[in-house]
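What follows is one structure encoded as structure tokens, with my remarks underneath.
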Amino acid sequence: MKQKIVIRVEMTSDKCRSKAMALVAATVGVDSVALAGDSKDQVVVIGDGVDSVKLTSALRKKVGHAQLVQVGEVKKEEEKKKPAEAAAAVVEYAYPWHYYQYPPAGAYSYQQYYSPPDTCWM
């Protein structure tokens, strides 16, 4: 049973947001993490078997004040939206990558510095 957990965390900078996202993403059982809210102060976690209380206390210790807002099951509509969002995230480049080609291998020549074995370098 997948569950959706919403936690409000006081995050004032991008560094705090990335720290919170990394902490939540490293938790066992987490499938996806997203930021929500007007000021991106809510962390939305979707996963299976995630302990919401432990996750909230870990965010309090590492990031700042955290408050558990909502814990509930994931609706079927949200699961169906995931493949559509993943397909929308794929970007195709029309730029011809084969345009920049390396010159042929024989175009460069280098001079070999060779010293006879009789000479001493010291």
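Among the residues of the stretch 6-19, are any open to solvent by 30 Å² or more (accessible area, probe 1.4 Å), among the polar types (S, T, N, Q), under 21 Å from Val74 (Cα atoms) and out of contact with any Asp or Glu (no Cβ under 7 Å at 6 or more places or on another chain)? No, the stretch 6-19 contains no residue that is open to solvent by 30 Å² or more (accessible area, probe 1.4 Å), among the polar types (S, T, N, Q), under 21 Å from Val74 (Cα atoms) and out of contact with any Asp or Glu (no Cβ under 7 Å at 6 or more places or on another chain).
Taken over the stretch 61-71, residues that are within 21 Å of the chain's Cα centre (by Cα) and open to solvent by 40 Å² or more (accessible area, probe 1.4 Å) amount to 1.
Restricted to the stretch 30-120, the set of strands (runs of 3 or more DSSP E) holding at least 3 residues that are modelled with pLDDT of 65 or more, within 14 Å of Val6 (Cβ to Cβ) and of a type outside the set (A, V, I, L, M, F, W, C) comprises 66-73.
The values are calculated or read from the model by the stated rules, or taken from the named source; none is laboratory data. Note that the structure is a prediction, hence the values are computed from the model and not measured. Note that each Cβ is placed from the backbone with ideal geometry, even for glycine, and that neighbours are counted across all protein chains shown. The accessibility values were calculated without ligands, DNA or RNA, using every heavy atom of the protein model including side chains. Shrake-Rupley method; radii C 1.70, N 1.55, O 1.52, S 1.80 Å.
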